[in-house]
Amino acid sequence: MTWRYGRWTVEHALPVGPATRVAQGERVRSGDVIATGGVITKVELVGGARSVGVAAEDLDRVLRVRPVADVRRGSVLARTGRRFARAATSPIDGRLVHVTVDGDLCISPVVDEWRVLATIDGTVVRSDDAAVAVEGECWSLQGIAGYGPDAVGGLGLAADSPADTLAAGRLDVRLRGRILVGGARMTAEAVTRAHACGVAGVVAGATPAGGLRVLYGDDVGASGRASFGDVPTILCLLGFGSAPLPAEVWEPLAALSGERASIHTASARLFVHAAADSITAPGTAPALALAADHASVRPAEDLGGPNALLLDADR
């Protein structure tokens, strides 16, 4: 867990069936929409090739609508002939999501829309239906776990010291759109209030493990990333419970306050889009230790002794 300025490649995984995505080689900025799509439900199967009287492999040349396009009920999906025309039409309002190998057309209602944001400034080096990857230079701080969707906003302090708790009383709508940095811990109540006030994301040393279930229920996967949806964004830098931030982490966070920042939850990283000389990166990783009760992480100098288990902070 150290600050580093360098060239990073950030991969943004996409849900199934993106409707749009940026092309490889394009330049993007953090916060730009790099892919969009919809959440679909039950699929209606329409006989495409059979309905218009062509072989499945020839259906593409008579399609009037391409996959991932929205259609209305009665829209012509494919058509052959003129005087004695044959057509396949959509039975519902929805989206053409797939064409099967047998020439059938899959139409599904769209119940929600999603979008994926770039988390760094840079160049798109990969763009396909599985992921969009962006490469660029910025400051990065590695955390231990990220939850919720990726977040982009101005970096701001919401604590007076690295040992403070992020308090719900300090949060209001004036902080909308920011990524807030707490101290040793964030409570579930504070994160919920931050989300309600429109805060982009919350960063702190730790969060109570039980609070994650309050916020996400059973929606947190093994990777620590919640599915797309209206949920808050959290980045834990050190662990769970309570974990005061070492000076090597806190001081650069304070110095970078006000800069554009982003949280990439899949990699549990905080990116800050500031000049390379904005701060001086610590020469070594902070020394951390696990407390005797195994419930919190502390800077090693605060614990010491035989009851502290030293940790590798650079993992």
What is the number of the single condition among (1) at pLDDT 80 or above; (2) within 23 Å of GLU113 (Cα to Cα); (3) of a type in the set (Ser, Thr, Tyr) that TYR216 does not meet?
(1)
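Checking the structure you have, find out if any residue of region 163-180 is assigned by TED's automatic domain parsing to the domain that holds ALA204, more than 24 Å from VAL214 (Cα to Cα) and either surrounded by fewer than 18 Cβ atoms within 10 Å (Cβ to Cβ) or under 19 Å from the mean Cα position of the chain (by Cα) (or both). Reasoning before the result, please.
Within region 163-180, the first condition is being assigned by TED's automatic domain parsing to the domain that holds ALA204, and the residues that meet it are 163-180.
Then keep just the ones that are more than 24 Å from VAL214 (Cα to Cα); that gives 174.
Next, only the ones that are either surrounded by fewer than 18 Cβ atoms within 10 Å (Cβ to Cβ) or under 19 Å from the mean Cα position of the chain (by Cα) (or both) stay: 174.
Looking for residues that are assigned by TED's automatic domain parsing to the domain that holds ALA204, more than 24 Å from VAL214 (Cα to Cα) and either surrounded by fewer than 18 Cβ atoms within 10 Å (Cβ to Cβ) or under 19 Å from the mean Cα position of the chain (by Cα) (or both), one finds at least one in region 163-180, hence yes.
Looking at the structure I just gave you, is PRO67 in a loop (DSSP other than H, G, I, E, B), closer than 30 Å to GLY154 by Cα and modelled with pLDDT under 95? Break it down into steps so the answer makes sense when it comes.
Working: in a loop (DSSP other than H, G, I, E, B): yes; closer than 30 Å to GLY154 by Cα: no; modelled with pLDDT under 95: yes.
When the stated conditions are applied, PRO67 does not pass them.
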Go through region 132-154 and count every residue that is surrounded by fewer than 17 Cβ atoms within 10 Å (Cβ to Cβ) and among the small types (Gly, Ala, Ser).
1
Within region 232-273, the count of residues that are in contact with a helix residue (DSSP H, G or I) (Cβ under 7 Å, 6 or more places away or on another chain) and of a type in the set (A, V, I, L, M, F, W, C) comes to 3
If you go through region 167-177 one residue at a time, do you hit one that is closer than 16 Å to SER257 by Cα, of a type outside the set (Val, Ile, Thr) and in contact with a Gly (Cβ under 6 Å, 6 or more places away or on another chain)?
yes
For region 29-46: of the residues being assigned to a loop (DSSP other than H, G, I, E, B) and not acidic (Asp, Glu), which is surrounded by the most Cβ atoms within 10 Å (Cβ to Cβ)?
SER30
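Let's see how each residue does on (1) surrounded by 14 or more Cβ atoms within 10 Å (Cβ to Cβ); (2) under 30 Å from LEU270 (Cα atoms):
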site: TRP8; (1), (2): yes, yes
site: GLN24; (1), (2): no, yes
site: GLY48; (1), (2): yes, no
site: SER90; (1), (2): yes, no
site: SER108; (1), (2): yes, no
site: ASP112; (1), (2): no, yes
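The values are calculated or read from the model by the stated rules, or taken from the named source; none is laboratory data. Not measured: the values here are computed from a predicted model. Cβ coordinates were reconstructed from backbone atoms using ideal geometry, including for glycine residues, and neighbour counts include every protein chain displayed.
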